[in-house]
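Undergrad: Would you mind keeping the following structure in view while I ask a few things?
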Amino acid sequence: MALMRMRNTQGANATEIEKKIKRGNALRQGSAWRGSRWLVVSLLVAVSVCAAALWLYVSSLDSDVTETLVSQGELVSPQPRVYAVQCSEDYENYKRYPGCTPQKCGRAVTDGVVSREEAQVLRRLAERGLALAGSDGGASILDLHSGALSMGKQFVNIYRYFGDQLTDVFTQEDFQLYRNIRGRIQAVIAETFGLDPTAMYLTKPTFFSRINSTIAKTQHDEYWHPHIDKVTYGSFDYTSLLYLSDYGSDFTGGRFIFMDQNGNRTVEPRTGRVSFFSSGTENLHRVEKVTWGTRYAITVSFTCDPAHGISDPAMP
């Protein structure tokens, strides 16, 4: 009987131990699940926070565009729309040239200098020239003055690299139109700012640009950084851009933004539109990243210093 009672006791103890083991396993499994669940939740929260931060950062890049100076749908003609700004001290660090060095500064936009048809001819010129090569990144340039053309991550001189082939790409009429339009842009800048046009000189870099949404591969592709032309190039006194494509239909993004202390002002590109401004710190600016399509433009720059002047391009 004693042996029987001992076996019953041992059996009861074994059963109790087994129950405790099962409860322990269940508790551990529950604890493990709760731990992993909290890990998953924590990861989801972290991902959500990062995504929100990224969204806020990206959206904040252009959320401070507070005013559109000229929209794509407007037609500013025949007179330019002018916005005066106070001149910076940048020009004090350079020799002054009467009749040219900025006395009054500002920015202006006009659709009355270059016709849409003329701009389309120049765009086709740019397309043919840039079809010879192009950057690996999103920004390519073609400089008919120096011959510089984006090719991969570098630049080549089209006049040396392609030689006689260029007669199948460009015509004398292309270059003549380019020179005529450059002269008209120079004239409207001189009239707007009260300058002597003969005291202004074309300067480098003056070039065609093609921008799309391809990821930048070199610093030359990173066109969107804020900058000041007078600080960057030194020789610049007046900068102009002739747009060869339309914001909203040929491309999105790619607006030109003046960055002022009390808010930003933007110009929406329109085929044939000329935007021009004094090149000092008073006109800190940048270009939005192009998000879709292709943006074509010409940057035409002027200096008051004849030592930095360049000639119009000519067929070789």
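The values are calculated or read from the model by the stated rules, or taken from the named source; none is laboratory data. Quantities reported herein were computed from a predicted structural model and do not represent experimental measurements. Ideal geometry is used to build each Cβ from the backbone, glycine not excepted, and the neighbour counts take in all protein chains shown. These accessible areas exclude ligands, DNA and RNA; they are computed on the full protein's heavy atoms, side chains included. Shrake-Rupley method; radii C 1.70, N 1.55, O 1.52, S 1.80 Å.
Undergrad: Looking at (1) under 19 Å from Ile158 (Cα atoms); (2) in contact (Cβ under 8 Å) with a residue 40 or more places away in the chain, can you tell me which one Glu173 breaks?
TA: With (1) under 19 Å from Ile158 (Cα atoms); (2) in contact (Cβ under 8 Å) with a residue 40 or more places away in the chain applied to Glu173, the lone miss is (2).
Undergrad: Could you please find all residues in the range 261-272 being more than 13 Å from Val109 (Cα to Cα) and more than 17 Å from the chain's Cα centre (by Cα)?
TA: Start the filter on the range 261-272 by keeping residues that are more than 13 Å from Val109 (Cα to Cα), which leaves 261-264.
Gln261, Asn262, Gly263, listed by residue number.
Undergrad: Here is a check on your reading of the model: is Phe302 in a loop (DSSP other than H, G, I, E, B), buried (at least 21 other Cβ atoms within 10 Å of the Cβ), over 19 Å from the mean Cα position of the chain (by Cα) and not aliphatic (A, V, I, L, M)?
TA: Values: in a loop (DSSP other than H, G, I, E, B): no; buried (at least 21 other Cβ atoms within 10 Å of the Cβ): yes; over 19 Å from the mean Cα position of the chain (by Cα): yes; not aliphatic (A, V, I, L, M): yes.
It is false that Phe302 is in a loop (DSSP other than H, G, I, E, B), buried (at least 21 other Cβ atoms within 10 Å of the Cβ), over 19 Å from the mean Cα position of the chain (by Cα) and not aliphatic (A, V, I, L, M).
Undergrad: Another one. With respect to Trp224, is the statement that it is of a type in the set (Phe, Trp, Tyr) and part of a strand (DSSP E or B) true? Can you show your working first?
TA: On the way: of a type in the set (Phe, Trp, Tyr): yes; part of a strand (DSSP E or B): no.
Here the answer is no, as Trp224 does not meet what is asked.
Undergrad: On to the next question. Quick one: in the range 92-121, which of the residues that are modelled with pLDDT of 95 or more and assigned to a helix (DSSP H, G or I) is surrounded by the most Cβ atoms within 10 Å (Cβ to Cβ)?
TA: That would be Ala119.
Undergrad: Out of everything in the range 188-211 that is open to solvent by 50 Å² or more (accessible area, probe 1.4 Å) and of a type in the set (Ser, Thr, Tyr), what residue ends up being farthest from Ser278 (Cα to Cα)? If you could, list the steps in order and put the result at the bottom.
TA: The first filter runs over the range 188-211 and keeps only residues open to solvent by 50 Å² or more (accessible area, probe 1.4 Å), leaving 191, 194, 196-198, 201, 204.
Right, trim to of a type in the set (Ser, Thr, Tyr) and you get 198, 201.
On the way: Thr198: 17, Tyr201: 14 Å.
Checking each candidate, the answer is Thr198.
Undergrad: What single numbered condition from (1) surrounded by fewer than 15 Cβ atoms within 10 Å (Cβ to Cβ); (2) in a loop (DSSP other than H, G, I, E, B); (3) of a type in the set (Ser, Thr, Tyr) fails to hold for Ser235?
TA: So the condition that Ser235 fails would be (1).
Undergrad: While we're looking at this one, here's another question. List, please: which pairs have Cβ atoms under 6 Å, are six or more places apart or on different chains, and start with a residue in the range 89-101 that is assigned by the TED database to the domain that holds Thr281 and under 14 Å from Ala190 (Cα atoms) and end with one that is modelled with pLDDT of 95 or more and of a type in the set (D, E, K, R)?
TA: Pairs found: Gly99/Asp196.
Undergrad: Here's something else I'd like to know. What residue, among those in the range 212-228 that are touching an Asp or Glu at 6+ places or on another chain (Cβ under 9 Å) and closer than 19 Å to Thr266 by Cα, is least open to solvent (accessible area, probe 1.4 Å)? Walk me through it before giving the result.
TA: Step one: list which residues in the range 212-228 are touching an Asp or Glu at 6+ places or on another chain (Cβ under 9 Å), which gives 214-218, 221, 224, 228.
Checking which are closer than 19 Å to Thr266 by Cα leaves us with 224, 228.
Values: Trp224: 57, Ile228: 31 Å².
Only one residue tops the list, namely Ile228.
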